[in-house]
Structure formats: C-alpha cells, structure tokens
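This report concerns only the one structure given below.
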Amino acid sequence: MDASSPDQDVRLPESVEMIIQRICLEKNQPPLKKYARNMLALIGEQAALKVLTTVLFSKTLRTFSGYVSFLVKKDFPDEAAAVLSAYDSPQCSTSPNKSPHTPRK
C-alpha cells in the first residue's frame, strides 16, 4: 500500500481498493478520507463494493468521502454512527462550569 497518503492507513480488500482508485481517476477525486475508509471497512467487502459501484455510476459527485458517508449512513446507519462517534473530539469539550459561548445581551 502507498504510504504517501495518511488517509489510506485503513486496510481494505484489494477489490475495494481497486474500485476506489478507479473512482479517483475517472471522477477526478482525491483519495477517500479515513472516516469513509473506516465506514467501508466496517460494512464489509460486498457492501463496500455495492456502495462504491453506486458512486462510480453516479452522474455527479461533489465529494467522494461525503457521498460514501451519505450512502453508508442511509443503508448502514448503526455502522456509520459507530465510525463517526469515534471521530468526536474530546479536545473540544469544556469545563462543566464554563460555557463555550457567552450569550450576548
């Protein structure tokens, strides 16, 4: 696997990797972000291939990772939620005594 992209450290089956590369080339998209790769890994090879085939044959594609996320959330909401919850940032939490925003009056 190419170590040049930090977003590709999630291992996926070769068949899934091949269709990802094809989408990147044919649709002129950057590599999938780590959260999208995690979603594909969690749903399994056959489901990931189905999601990616939908992406491949879509007429328009704004963002590759965003569309993968949308499709996984739609068809596999529990798996998507599990992946996204892992990306909740604990650094963003504040002290229980302090509000992150002070309301203006």
Residue that is nearest to residue 27 (Cα to Cα) [pool: residues in segment 63-105 that are among the polar types (S, T, N, Q) and at pLDDT 55 or above]: 63
Outside any helix (DSSP H, G or I), in contact with a helix residue (DSSP H, G or I) (Cβ under 7 Å, 6 or more places away or on another chain), at pLDDT 95 or above and not hydroxyl-bearing (Ser, Thr, Tyr): which single residue out of 52, 32 fits that description? 32
Please identify the pairs in which a residue from segment 11-37 that is hydroxyl-bearing (Ser, Thr, Tyr) has its Cβ atom under 6 Å from the Cβ atom of a residue that is open to solvent by 50 Å² or more (accessible area, probe 1.4 Å), counting only partners at least 6 apart or on another chain. 35/87
Could you list all residues from segment 17-29 that are loosely packed, with under 14 Cβ neighbours inside 10 Å and in a loop (DSSP other than H, G, I, E, B)? 28
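The values are calculated or read from the model by the stated rules, or taken from the named source; none is laboratory data. Bear in mind that the values here come from a model prediction, so they are computed numbers and not experimental data. Cβ coordinates were reconstructed from backbone atoms using ideal geometry, including for glycine residues, and neighbour counts include every protein chain displayed. Just so you know, the surface numbers come from the protein's heavy atoms only, side chains and all, with ligands and any DNA or RNA stripped out. Shrake-Rupley method; radii C 1.70, N 1.55, O 1.52, S 1.80 Å.
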